[in-house]
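A short write-up of the structure that comes next.
The values are calculated or read from the model by the stated rules, or taken from the named source; none is laboratory data. As the structure is a prediction and not an experimental result, all values here were calculated from the model. We place every Cβ from the backbone using ideal geometry, glycine too, and count neighbours over all the protein chains shown. Just so you know, the surface numbers come from the protein's heavy atoms only, side chains and all, with ligands and any DNA or RNA stripped out. Shrake-Rupley method; radii C 1.70, N 1.55, O 1.52, S 1.80 Å.
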Amino acid sequence: MSHDHDDRPQLTAAQAAAVLNPPAGRNGGDLVVETLQGLGATTVFGLPGQHALGMFDALRRSSLRYVGLRVENNAGFAADAYGRITGEVAPLLLSTGPGALTSLAALQEAAAASAPVLAISSQIPTAGLGGGRHGYLHELRDQQASVRDIVKSVHTVRTASQIPSAIAAAWESALTAPHGPVWVEIPQDVLLAETTLPVVSAMDATPRELYPRPELTIAAAHLLSNAERPVIIAGGGVVRSDASGKLRALAEKLDAPVVTTFGGKGAFPWEHPLSLRSWLEDRHTTDFLEDTDVLLVVGSGLGELSSNYHTFRPRGRVIQIEADAGKLESNHPALGIHSDAREALADLLEAVDRREDPEAAERVRTVLEKVRVRIEAQDLTLEQQVLAAVREALPDAAPSFWDMTILAYWAWSAFDARRPNTMHSAQGAGGLGYGFPAAIGAAAADPTKPVLAVSGDGGAMYSIAELATARQYDLPLTWLIVDDGGYGILREYMTGAFGETTGTELARPDFVALAESFGVPAVRTSPESLAADLSKALAAPGPSVVVLPALLRMFEPTHL
């Protein structure tokens, strides 16, 4: 194969000299940070460790901003949120063994939520690789085996010259739909060894676009155009692909009601006449979805939470648009369209015929009224009051990050996110401790907006160390801790199932005094003063904590 030599990059004399005479004192770590800069990274998260020091030393010689957290799992949650908010790759620098393994729960959440996290881990020296028992510090027989089930792709480096290509391939993988976490690992000696390779310049790692096949678009458009009662379920894929405008246009062209999944919060306007909101754990909503003759599912696998715990049994035709091929028809037979949500919605919008259904908005109102009556019959005024106070205090454009806690479970169904890509939770993998470190990542991504984190007292204890991080970087975030003295939702589950609890009741600190010991202003609030106290905290510069002592209850499930 011949190459056209005229296509080669034309270097100036100064550039050529720089390539031929790279600066002295560079090592493999410099190749890592140069590659990240060349790919467009501006911020990296992580935590240093002995084997990874070559990467961290090289940060000094780069323009990358480093945000260091106190626990690797929390660093992973911060990178996850940065990726969700920006849609860009979030590099996460980790050490070998315990450092790498401590990040795994966060990477599981990133995988479940399709967040583009690029984890770059060190490894034991090259001489120790291969599964022998050499007794190196942090040694694992096969470190990659611990991450392979979690991440999208694994990229191995054994020489300095492999570093740029491995990181570029991982970057492309992370950003190819569906987004997700990826893993690169580099031995300690490769990171520390001096290199005479030229400085890495601009890199190309353009993700592949995922378009729908035209015959599937035609078939789906025919079904929707001729449906009597079409309905749309909008999942997180709509938010991630920035397709909420296309979704709204299609819903209005079809006069089709829209329900958003918990991961798809904000994908469709809450107060729109066609909005069924997010009451997916409600039998009235489930019945309505089962009654439709054509159901369009966009960017959702219809997993446990999105199917009312797998009690949903569609009777009509299902059309499923999903970027993750593994989720196509994984729960229900469907016309499966493997595509990015934005591309598929754009094609459908052109292909469908306009249909008018003057009764659609009335059917939506009927369902929402049934939901309201069901909830009102359960004496849950306090819970609704607290959620309303949070909504009142939080600016529309401010992002919020919700831990696995009762108030978050309420918010999944009942909170108006108002804007796409502003409400995020750990409901993908369901691990505790997500809210506050994720808020740190979002505040690092855009320090011009206040960020809200919501945790229970149990989940908060996973993240207390990061109060030091928030203070160190002076990040504009407010942490609402709902203190009910234990793992509240597990208390409810165990009481309901067994009549008593085990392991749910917790001793906890004075959160106000604890926050203030970190130099973070804190206030103890009440349901009546929550909106005012939260508004004040969110408006103040830097980090703050608001503690709400309250025993919240969940609404009754409808899937049992």
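Remarks
- Some residue of region 170-185 being closer than 25 Å to G76 by Cβ, in contact (Cβ under 8 Å) with a residue 12 or more places away in the chain and among the charged types (D, E, K, R): yes
- Residue ID - farthest from I120 (Cα to Cα), chosen from residues in region 41-77 that are open to solvent by 10 Å² or more (accessible area, probe 1.4 Å) and aromatic (F, W, Y): Y66
- Residue list for region 468-483, filter: in contact with a strand residue (DSSP E or B) (Cβ under 9 Å, 6 or more places away or on another chain) and surrounded by fewer than 24 Cβ atoms within 10 Å (Cβ to Cβ): Q472, Y473, L475, P476, D483
- Subset of region 78-97 [buried (at least 19 other Cβ atoms within 10 Å of the Cβ) and among the small types (G, A, S)]: A78, A79, A81, G83, A90, S95, G97
- Scanning region 536-560 for residues that are charged (D, E, K, R) and either open to solvent by less than 60 Å² (accessible area, probe 1.4 Å) or not in a helix (DSSP H, G or I) (or both) returns R553, E556.
- L192, sole failed condition from (1) out of contact with any strand residue (DSSP E or B) (no Cβ under 7 Å at 6 or more places or on another chain); (2) open to solvent by 10 Å² or more (accessible area, probe 1.4 Å); (3) of a type in the set (A, V, I, L, M, F, W, C): (1)
- Tally of residues being over 30 Å from E350 (Cβ atoms) and assigned to a loop (DSSP other than H, G, I, E, B) across region 178-223: 13
- Flag if A100 is under 22 Å from A193 (Cα atoms) and either in contact (Cβ under 8 Å) with a residue 40 or more places away in the chain or surrounded by fewer than 18 Cβ atoms within 10 Å (Cβ to Cβ) (or both): yes
- Scanning region 159-186 for residues that are of a type in the set (D, E, K, R) and either touching a Leu at 6+ places or on another chain (Cβ under 8 Å) or open to solvent by less than 10 Å² (accessible area, probe 1.4 Å) (or both) yields one hit, E185.
- Matching residues, region 378-400, being out of contact with any helix residue (DSSP H, G or I) (no Cβ under 9 Å at 6 or more places or on another chain), more than 26 Å from P447 (Cβ to Cβ) and without any contact (Cβ under 8 Å) to a residue 40 or more places away in the chain: D379, T381
- In region 394-412, the qualifying residues are those that are small (G, A, S) and crowded, with 19+ Cβ neighbours inside 10 Å, and the one that is nearest to the chain's Cα centre (by Cα) is S400.
- Region 430-459, residues that are among the acidic types (D, E) and open to solvent by 10 Å² or more (accessible area, probe 1.4 Å): D446
- Flag for V238 being touching a residue at least 60 places away in the same chain (Cβ under 8 Å), touching a strand residue (DSSP E or B) at 6+ places or on another chain (Cβ under 7 Å) and either of a type in the set (D, E) or in a helix (DSSP H, G or I) (or both): yes
- Enumeration of residues in region 526-535 that are within 16 Å of S400 (Cα to Cα) and surrounded by fewer than 19 Cβ atoms within 10 Å (Cβ to Cβ): S535
- Conditions (1) of a type in the set (S, T, N, Q); (2) within 22 Å of Q123 (Cα to Cα); (3) under 17 Å from the mean Cα position of the chain (by Cα); number of the one not met by T176: (2)
- Residue match in region 500-519 (condition: surrounded by 19 or more Cβ atoms within 10 Å (Cβ to Cβ), touching a Lys or Arg at 6+ places or on another chain (Cβ under 9 Å) and of a type in the set (G, A, S)): no
- Across region 27-40, the qualifying residues are those that are farther than 11 Å from R61 by Cβ and under 25 Å from the mean Cα position of the chain (by Cα), and the one among them that is most open to solvent (accessible area, probe 1.4 Å) is G40.
- Residue within region 488-499 that is open to solvent by 60 Å² or more (accessible area, probe 1.4 Å) and either in contact with a helix residue (DSSP H, G or I) (Cβ under 7 Å, 6 or more places away or on another chain) or part of a strand (DSSP E or B) (or both) present: no
- When D353 is tested against (1) open to solvent by less than 70 Å² (accessible area, probe 1.4 Å); (2) modelled with pLDDT of 95 or more; (3) touching a Lys or Arg at 6+ places or on another chain (Cβ under 9 Å), exactly one condition is not met: (1).
- One residue stands out among those in region 401-429 that are small (G, A, S), in contact with a helix residue (DSSP H, G or I) (Cβ under 8 Å, 6 or more places away or on another chain) and part of a loop (DSSP other than H, G, I, E, B): the one that is nearest to V482 (Cα to Cα), which is A426.
- A Cβ distance below 6 Å, combined with a sequence gap of six or more or placement on separate chains, defines the contacts here; from region 4-19, residues that are within 21 Å of T195 (Cβ to Cβ) reach residues that are modelled with pLDDT of 70 or more and surrounded by 10 or more Cβ atoms within 10 Å (Cβ to Cβ) in the pairs V19/P198.
- Scanning region 250-305 for residues that are in contact (Cβ under 8 Å) with a residue 60 or more places away in the chain, outside any loop (DSSP other than H, G, I, E, B) and open to solvent by 20 Å² or more (accessible area, probe 1.4 Å) gives K253, R277, R283, H284, F288, D291, L305.
- If you go through region 168-223 and keep only what is among the charged types (D, E, K, R) and out of contact with any Pro (no Cβ under 9 Å at 6 or more places or on another chain), you end up with E185, E194, D204, R208, E209, R213, E215.
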